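The structure appears right after this line, and notes come after that.
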Amino acid sequence: MLLFAINCWLHPVYQQEDTNSSGEEQGLLALIAGSNSNSSTNRGFKYIFVTAATPTGGGVNGLSGADSLCQTDSRNPGTGTFKALLGIFNLRHWCRSDMGSCPGGSSLNWVISPSTEYRRLDGITTVATSTPDSHFSFPLDNTYSTDTDDAWTGLANDMTSNAGSSECGNWVSTGCCGNHITLTNTSGINEGNLNCSLPARLICVEQ
């Protein structure tokens with residue numbers, strides 16, 4: 001009977017401690033509870049983020065290097081595969097068959113899904129909702145991130161690739177030049193050439 005009384009006395013104390021757990025602990029528990037439902041399908045949107053890393057244009061190391069940087073960056077939320085929003089003529093580009101200058105007549109290895117909402121890593125701020133033909137219309141709803149420096153893009157403002165002339169030699173050369181965007185800009189994806197020896201971030205898109 002004494003043991004039973006002790007157990008009954010301890011139980012509400014345990015409940016009180018659990019109720020008063022810190023916000024950090026409660027957030028961790030919520031994250032664990034939701035870990036099995038964190039796919040973009042269940043969320044209803046996909047993440048887009050800007051890397052913490054700032055490689056030079058040549059330091060991107062090509063398309064595979066760009067995608068690897070997105071996948072291993074310290075800001076990657078770990079929710080799946082991320083690829084770089086980066087133009088490389090004949091390797092990664094967006095276009096429509098009616099545009100008349102599409103290599104191969106269509107998009108290739110493109111990273112933006114059709115009719116999809118993309119949000120920052122806070123899960124709240126919408127950057128853009130893509131068009132049915134898988135590109136962004138400008139201006140964006142919000143900037144890609146709160147960073148204020150530059151990101152490599154290799155893209156024209158219609159999101160097509162620039163046939164190698166503005167892609168740092170397929171992102172392995174430190175000569176001139178590569179198209180870039182200032183991350184405070186919502187009106188396009190290209191602000192002209194940046195010298196490939198300079199550092200800039202990458203924009204990474206969840207697949």
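Listed highest first by mean packing, meaning other Cβ atoms within 10 Å per residue, what order do 128-140, 192-204, 40-52 come in? Write down the numbers at each step before the final one.
Numbers: 128-140: 15.4, 192-204: 20.2, 40-52: 17.6.
So the order, starting with the most tightly packed, is 192-204, 40-52, 128-140.
Between Asn90 and Arg43, the distance separating the two model label sites (each 7 Å from Cα on the Cα→Cβ line) works out to 3.5 nm.
Label reach from Ser187 (point 7 Å along Cα→C-beta): in segment 130-153, amide nitrogens under 20 Å belong to 136-153. Most tightly packed first, judged by the mean number of other beta-carbon atoms within 10 Å of their residues, the peptides 143-150, 166-173 read 166-173, 143-150.
Can you tell me what percent of all Cα-Cα pairs in segment 47-206 are more than 22 Å apart? Value for segment 47-206 (Cα pairs over 22 Å): 34 percent. Counting only DSSP beta bridges whose two residues both lie in segment 47-206, roughly 90 percent are antiparallel.
State, as an integer percentage, the relative contact order of segment 47-206 based on alpha-carbon contacts under 8 Å between residues 6 or more apart. Each step should come with its number before you reach the end.
Numbers: 412 pairs, mean separation 53.1, N = 160.
RCO, segment 47-206: 33 percent.
Values in this text are rule-based calculations from the coordinates and carry no lab data. All of these numbers come straight from a predicted model, not from anything done at the bench. Backbone-built Cβ (ideal geometry, glycine too); neighbour counts: all protein chains shown.
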